[in-house]
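Everything below concerns the one structure shown next.
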Amino acid sequence: MAETMKDITSPRRPDGPGSGDGGPAVEMSGIYKSFSGVPVLRGVDFEVRAGEVHALAGGNGAGKSTLMKILQGVYAMDAGEIRINGERVRLSSIHDARAAGVGMVFQEFSLVPTLTVAQNVFLAAEPMGPLGMINDREAVRRTREEFAGMHVEVDVTARVQDLSTAYWQLTEIAKALAQDARILIMDEPTASLAKHETEALFELVERLKARGIAIIYISHRMEEVYRIADRITILRDGGRLFTKSLKEVTREEIVEGIVGQKIEGELEYKERAPRDTREVLLEARGINAGRRVRDVSFQLHKGEILGLAGLMGSGRTELARILFGVDKFDSGEVLLHGRRVDVGNPREAAAVGIALIPEDRREQGLVLDHSVRDNLLLPLLSRLKAGPLISDRRGNELARSLIQRFSVKVANMANPVRVLSGGNQQKVVIAKWLGTEPEVLIMDEPTAGVDIGTKSEILDMIRNLADEGKGVIVISSEYPELLAVSDRVVVLKDGAVLTVLDRSDIPDEESLQLAVQGV
Amino acid sequence: MATSTVTPSETTAGRRGRLARVDWHRYVIYIGFVVVFLFFAVLLRDQGFLSANNLLNILRQTATITVIAVAMTFVIACAEIDLSVGSVAGLSSVVAAIALSHWGLLAGIIGGLAVGLVVGAINGGLVATLGIPSFLVTLGMLGIASGVAQWVTASAPQPILNDAFNLVFGSGNIGPIPGLIVWSALFVVVGHVALTKTRYGREVLATGGNRTAANFTGINTKRIKFQVLLISAVVASIAGLLYAGRLQSGRFQWGTGDELSAIAAVILGGTSLFGGSASVIGTLFGALLIGLINNGLILAGLESSQQQVVRGAIIILAVALARKK
C-alpha cells in the first residue's frame, strides 16, 4: 500500500485541465457499508472529475456523510473500490486519505482556535528544521504563499479565534491546499457566511477549479448548487439515484430525488384561512439600539406570519434578540395587546408569552447531551411542580404529547438530543418553546441546515401555528422559504425598516431580492 | 474579487486586533512577578530579602514545584489535569529509599522512576482508552499512591545514607549553583523547546485546543493524552527523587499538596485551564512568584495561617487579572 501511496502523491500539482472535463479524480465503485448490521451504503458508485464541482445531495440518512467519511479514511468500507487519479487506493486512516490528496472543509470547523492561522495550516505537517524543531518561519512563509494563491489577504500570524468565521473557512481551504489536496470536500461551506463572503467563496471555488482541483460540494441550498456545481449526484437510501449535469436537471427533479416523492409546491405560498381579526398582537414603536437597530416600528397581527428580510448585518437577529429580552434597547417601546411590556430578560419574555427559536440551535437552543425529554421540559418545569419536586409522570406525558404533536422522530425520548438529525433537533427546539404556549413566536432561520423534507414539515408547522391565532415572526435568508409562509414582509437595511411589503405585492423571489438590496 | 470584497473591513479589525493582542493580560505574570519582587525588596530590605543567599534559597525551594509544573503545563495544555503528582512524588521517594537501602544506587533510581511509569501508565491508560475524566482518575490515584506510601513504610521515614544519590538529587552543587536549580533549569529548557519548537508540543496544544480538529488532522489524540499523563507522573517521580536527595530520606509526606501549587503556577503562568494555549516560561515565573510570596511572607514574620490566606488571595487576584475580557 505504501508504494501505491507514493505513486499517487508524487506527481503533485500538474497543471490540471480547467473546467471539469478532466479525467476522473475520484472513482468510488460498489461501496458497501453497514453499521452494526444496518446497511447504510448499498453499492454506491460515485465519480468526480478533476476540475469539476460536483454536488452531492440526499435526504437525511441517504448516506452522504458516510460516503464522504469513507473517502476521508474515517470509516472503513465493507466492500467496494476507490481509485484516485486512476490508482487504486486503500484509505484506512485520515492520514492515508490526506496522502492520497483528499482534503476536507468541515461544516463544523476543524481548526484549533488557540493556534495561529499558519500553525493550523501546517498542523501535524509542520516544516521541520534541524534537530527536529519546527520551522515556524517557513510555515508562515508558505501559508502566506497559499493565501496569495487564493487571492485572500489575512494575517497568518493571528490566532484563529481572533478572526471572523469567514476566515476560518478560508484557513481550512488553505490547510487542505497546503497539503496538496487535489480533491476537496466542502460540507455546507456557506452555512455561516454572509452574502458577500459567499460570493468571495464562489470566486475562490472557480479559481480552484481552474487549478484542476476536484470539488465535492455538499449543500442544502439549491441556488448555490445551480450557481457553482457542474454535476450533481443524488443518493437515496444508501444507493445512487442519479448523476446528472446541472444543465439537464430541473429543480423539481432534484427536490424529488432528495425527498423521495414529488412534493407539490412545497415552497409555495399557501393561502390560509383568512385572518378573521385585524387585532394587533405585538407592536414595536421606534426601537433604537446602538447602530444595529434604528427606529424600528412594525405591527404583528393575531394569526399573522411576518417575514423579516434583510442581508446579514441588517439587524434582523438583533431585533429578535431585543424582542425576546436577550439584549437591551436604548429607546422605543414594545406593546403586547396594546399594553406596554418591559421584557428585561428571556424569562420575563416567556412569562408574557413571547418565545424565540434561536438561530444556532446547537449553541443556543439545546443542551445536546441531555435527553430529548429533558430538553423539551426545560422551559416547562414550573408547570410540573408537585410541591418542591418535579413530577416525572406528568413530565413524561407532556414530553410524549409534544413529540407526537411535532412529529419528532426519536426512538426513545431518553436518548440524548445529540443523536438526532439536524431537522429533528430543530423540531425539538420548536416543540420546547411551543410547550409554553406562547402568543408570539419569533423564529430565526428555522430551517437552516435542515433537509428539504423536514423543511416543508417545519413550514407547515409555522402555518398551523398562525392558523391557531399565534403571531409568528420568521427571519430567513432564504427568500423562497420566506415567501412560502409570510403574509407580510418587513425589509430591514442597516438596522432600519426599509419597507413593509404585503405578500401580494411580491410577485416573485427576484422582486424580494431587489427590495432587500434596497434598489 | 475575493480580496477586495472581504478584506477592507477586516484589515482594520486585524490591525486593531494586533494591538489588542499585545495585551498586558498575557504578561500579567511577569508584571506581577516584578511588582511583588520590588514590593518585598523595599519592604524587607532589612530582613535580607535581596541577599544572594536568600534569592538562591527561593530558587532552591521552588525547584521541585517548577519541575512538576513544567510537566503539568503539558497536561493542562492538553485540557487534562493531574492531581496525583504530589503523592506520586512521595511514593517515589519512599520506594527509592527502600530500594536504595536494599540493592544500591541504581536500584533506588530505577525504583523511583518505576513508580512514575506505573502510575502514569495507569492514569494515561484509563483516561485515553476508557475516557474517564483525568480529574477523577488522578484524584483516585492521589489517594492510592499516598496510601501505598504510608502502608509500605508504616508511615515511618526511610533514611537515605547513599551520598552519591543525595549529591546528585538535590543536595549537591555544581560550582556555586545548587544542583536543584540545575535540575529545574534543565526541565524548563527542555519543556519550553518541546512545547514551542517540536511537533509533539504542537500536537499537545492542538489536542487541547480542539480535539475533534486534531483528530481530523490525523493526530492520535488518545496517544497524546496517554503520553502527557505518563510524562507528568514520571516527572513527578523525579521530583520525588529530588525530595529524597535534598531531605536525605523517603517519606510519604514529601510532595503533599504540590499538585495544587503546580496547578496554580501553571495557571498563573498564562496556560489556559481549558487547554490549547500554554507557556512553560510563564509556568516558571508562576512557580517563582509562588516561591517569592512564600519566602517574603515568612521573612515578613507572618504566621503560617496568615501566609496561607495571603497566598490564596494573591493567586486569585493574579488569575483574575490575567483573565481575558
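The values are calculated or read from the model by the stated rules, or taken from the named source; none is laboratory data. Source: prediction; values computed, not measured. For neighbour counting, all protein chains shown are included, and Cβ atoms are generated from backbone atoms with ideal geometry for every residue, glycine included.
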Check your understanding: Residue check, A:ALA139 against (1) touching a helix residue (DSSP H, G or I) at 6+ places or on another chain (Cβ under 7 Å); (2) more than 26 Å from A:ALA200 (Cα to Cα); (3) small (Gly, Ala, Ser), all met but one. Which one?
Key -> (2)
Review point. Scanning for something surrounded by fewer than 24 Cβ atoms within 10 Å (Cβ to Cβ) and within 30 Å of B:TRP151 (Cα to Cα), does the stretch B:307-320 turn up at least one residue?
Key: yes
Practice item. Could you please find all residues in the stretch A:163-198 being more than 11 Å from every other protein chain (Cβ to nearest Cβ) and part of a loop (DSSP other than H, G, I, E, B)? Key: A:ASP180, A:ALA181, A:ARG182, A:GLU188, A:PRO189, A:THR190, A:ALA191, A:SER192
Exercise for review: Please enumerate the residues belonging to the stretch A:131-149 that are within 11 Å of chain B (Cβ to nearest Cβ) and surrounded by fewer than 21 Cβ atoms within 10 Å (Cβ to Cβ).
Suggested key: A:LEU131, A:GLY132, A:MET133, A:ILE134, A:ASN135, A:ASP136, A:ALA148
Check your understanding: Of the conditions (1) surrounded by fewer than 22 Cβ atoms within 10 Å (Cβ to Cβ); (2) in contact with a strand residue (DSSP E or B) (Cβ under 8 Å, 6 or more places away or on another chain), A:VAL38 fails just one. Which one is it?
Key -> (2)
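Does A:ASP187 qualify as being crowded, with 18+ Cβ neighbours inside 10 Å, outside the structural domain of A:LEU71 (by TED's automatic domain parsing) and closer than 18 Å to A:GLY103 by Cα? Please lay out each step first, then the result.
On the way: crowded, with 18+ Cβ neighbours inside 10 Å: yes; outside the structural domain of A:LEU71 (by TED's automatic domain parsing): yes; closer than 18 Å to A:GLY103 by Cα: yes.
Criteria met by A:ASP187.
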Review point. Is there a residue in the stretch B:266-281 that is under 30 Å from B:ALA156 (Cα atoms), out of contact with any Cys (no Cβ under 8 Å at 6 or more places or on another chain) and part of a helix (DSSP H, G or I)?
Key: no
Exercise for review: Could you pull out the residue among B:LEU180, B:LEU167 that is surrounded by 22 or more Cβ atoms within 10 Å (Cβ to Cβ), more than 14 Å from chain A (Cβ to nearest Cβ) and over 23 Å from B:GLY124 (Cα atoms)?
Suggested key: B:LEU180
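Yes or no: B:ALA89 modelled with pLDDT of 95 or more and buried (at least 24 other Cβ atoms within 10 Å of the Cβ)? Talk me through it step by step, then tell me what you get.
Numbers: modelled with pLDDT of 95 or more: yes; buried (at least 24 other Cβ atoms within 10 Å of the Cβ): yes.
In short, yes.
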Review point. What number of residues within the stretch A:150-162 satisfy the criterion of being part of a loop (DSSP other than H, G, I, E, B) and more than 8 Å from every other protein chain (Cβ to nearest Cβ)?
Key: 2
Check your understanding: In the stretch B:187-210, is there at least one residue being crowded, with 22+ Cβ neighbours inside 10 Å, part of a helix (DSSP H, G or I) and touching a Pro at 6+ places or on another chain (Cβ under 7 Å)?
Key -> yes
Exercise for review: Just give me the residues in the stretch B:217-234 being within 13 Å of chain A (Cβ to nearest Cβ) and either crowded, with 19+ Cβ neighbours inside 10 Å or within 20 Å of the chain's Cα centre (by Cα) (or both), in sequence order.
Suggested key: B:THR217, B:GLY218, B:ILE219, B:THR221, B:ILE224
Practice item. Would you kindly identify the strands (runs of 3 or more DSSP E) lying entirely within the stretch A:303-374 that contain at least 1 residues that are under 24 Å from the mean Cα position of the chain (by Cα)? Key: A:305-309, A:354-357
Exercise for review: For residues that are more than 10 Å from chain B (Cβ to nearest Cβ) and under 30 Å from A:SER164 (Cα atoms), scanning just the stretch A:85-116, find the one that is modelled with the lowest pLDDT.
Suggested key: A:GLN107
Check your understanding: Within the stretch A:464-479, is even one residue touching a residue at least 60 places away in the same chain (Cβ under 8 Å), under 20 Å from A:LEU311 (Cβ atoms) and assigned to a helix (DSSP H, G or I)?
Key -> yes
Check your understanding: (1) surrounded by fewer than 18 Cβ atoms within 10 Å (Cβ to Cβ); (2) away from chain A (no Cβ under 14 Å); (3) touching a residue at least 24 places away in the same chain (Cβ under 8 Å): which one isn't true of B:LEU273, the others all being true?
Key -> (2)
